[in-house]
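**Student:** Okay, handing you the structure first.
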Amino acid sequence: DDEPGIVDFVKKIYSRKGFATFGVTDGTSAVDVFQRERPHISLIDIHMPYSAIDGVETLKKIKEIDSNAVCIMVTRVSDKDKIERARQLSAFAYLLKPMNLEELDTAIDLAKNASGW
């Protein structure tokens with residue numbers, strides 16, 4: 001996510017739930033962390049205006065590394081073209097911000113089950 005406060009909040013909540021978490025605020029760093037850490041689930045903001053690559057391009061690069069990567073896309077803006085591109089790249093789910101913790105928990109639980117984790 002391009003908003004450090006959201007990154008910190010999600011990391012804090014899911015670390016307390018026993019998840020190993022990694023947080024970055026740009027797409028290039030997200031791809032680097034994915035390459036190095038191979039997380040079971042990735043949350044990717046579609047719109048990252050201060051990043052060299054947006055969330056859809058981040059998803060594309062992650063899928064090039066691991067076509068089975070489980071990625072949940074999030075954004076504040078409903079952009080039909082980017083959502084469709086993310087779907088074509090096999091994004092696992094799409095959440096519209098502001099989302100509540102229950103919605104995020106549900107998406108992560110479904111992603112855990114889908115990934116066999």
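**Student:** Between Asp79 and Lys97, 0.36 nm times their residue separation minus their Cα-Cα distance comes to what?
**Tutor:** Extra length from Asp79 to Lys97 when fully extended: 5.2 nm.
**Student:** Take Thr106, Thr75 and order them by how many other Cβ atoms sit within 10 Å, fewest up front. List each step's numbers first, then the result.
**Tutor:** Details: Thr106 14, Thr75 21.
Taking fewest neighbouring Cβ atoms as first place, the list is Thr106, Thr75.
**Student:** Name the chymotrypsin sites (Phe, Trp or Tyr not before Pro) in region 11-54 that are in a loop by DSSP and that have at most 10 other C-beta atoms within 10 Å, would you? Write out the running numbers ahead of the final one.
**Tutor:** Working: sites: Tyr14, Phe19, Phe22, Phe34, Tyr50; in loops: Phe19, Phe22, Tyr50.
Counting only loop positions with at most 10 other Cβ atoms within 10 Å, the chymotrypsin sites (Phe, Trp or Tyr not before Pro) in region 11-54 are Tyr50.
**Student:** Can you give the FRET efficiency to the nearest 0.05 for Asp66 and Lys11, using r as the Cβ-Cβ distance and R₀ = 25 Å?
**Tutor:** 0.70
**Student:** Just order 82-90, 4-12 by mean Cβ neighbour count inside 10 Å, highest at the front, would you? Don't jump to the answer; show the numbers that get you there.
**Tutor:** Working: 82-90: 16.0, 4-12: 13.9.
So the order, starting with the most tightly packed, is 82-90, 4-12.
**Student:** For the chain, with only Lys/Arg (+1) and Asp/Glu (-1) charged at the beta-carbon, what is the dipole magnitude about the Cα centre, in debye rounded to 20?
**Tutor:** Values: 16 positive and 19 negative charges, 55 e Å.
Rounded to the nearest 20 debye, it is 260 debye.
**Student:** Taking only the alpha-carbon positions of region 4-109 and ignoring solvent, what does the Debye formula give for the base-10 log of I(q)/I(0) at q = 0.13, 0.21, 0.24 Å⁻¹?
**Tutor:** -0.42, -1.21, -1.63
Only the coordinates and a few stated rules stand behind these numbers; no lab work does. The shown structure was predicted, so the numbers you read here are calculated from the model rather than taken from an experiment. Backbone-built Cβ (ideal geometry, glycine too); neighbour counts: all protein chains shown.
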